[in-house]
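The values are calculated or read from the model by the stated rules, or taken from the named source; none is laboratory data. All values reported here derive from a predicted model rather than from experimental measurement. Note that each Cβ is placed from the backbone with ideal geometry, even for glycine, and that neighbours are counted across all protein chains shown. In case anyone asks, the SASA skips ligands and DNA or RNA and just uses the protein heavy atoms, side chains included. Shrake-Rupley method; radii C 1.70, N 1.55, O 1.52, S 1.80 Å.
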Amino acid sequence: MPVEPRDLEKALKAAFPEMRYLEIMDTSSGCGSSYAVIIVNPTFEGKMTLARHRWVNELLKEEIAQMHAFSQKTYTPKEWEAIKAKNAAAEAARKAEASV
């Protein structure tokens, strides 16, 4: 049985009630066998990436067992804001270059 995005969302929201951002991407062209997620959660503060990933993997172990592939990116709110600022600056630079 394929995993549905709503199943992942429900499990993650229950585990991380303070979660600030969640993006779930079905990378299997809709068949539900491969997902990538981005999770922004203040409870990740002070934890190394490996510890965060192990935490998420444990929370989703039943769902992951039904998938072909699962990838995750986990950030604190501060890390997420830095990434968004960097991406915005890069986009502005591309637009400035294109207009020259």
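Per residue, the accessible area of the chain comes to 67 Å² when a 1.4 Å probe rolls over the protein heavy atoms.
Using a probe of 1.4 Å, the accessible surface attributed to residue 75 totals some 50 Å² when neighbouring protein chains are kept in position. Taking a ≥ b ≥ c as the square roots of the eigenvalues of the Cα gyration tensor, an a/c ratio of 1.5 or more together with a/b larger than b/c marks the range 27-68 as prolate. When you count the other C-beta atoms within 10 angstrom of each residue and take the mean per peptide, 59-71, 80-92 line up highest first as 59-71, 80-92. Taking Cα atoms, how many degrees apart are the long axis of helix 77-98 and the longest axis of the chain, rounded to 10 and kept between 0 and 90? Rounded to the nearest ten degrees, it is 40. Inter-part distance, the range 1-50 to the range 56-98, computed on C-alpha centroids, equals 11 Å. Within the same chain, lysines fewer than 8 places from residue 61 are excluded, and of the rest, those with a Cα less than 21 Å from its Cα are 10, 13, 47, 73. Modelled spin labels at residue 87 and residue 54, positioned 7 Å past Cα toward Cβ, are 2.9 nm from each other.
Helix-only arithmetic for the chain: the sum of -39500 (n - 2.57) across DSSP H runs with n ≥ 4, divided by the residue total, places the mean residue ellipticity at 222 nm at -15500 deg cm²/dmol. Matching the structure-derived volume of the Cα convex hull per residue in Å³ against the labelled list (i) 92; (ii) 117; (iii) 286 gives the label (ii).
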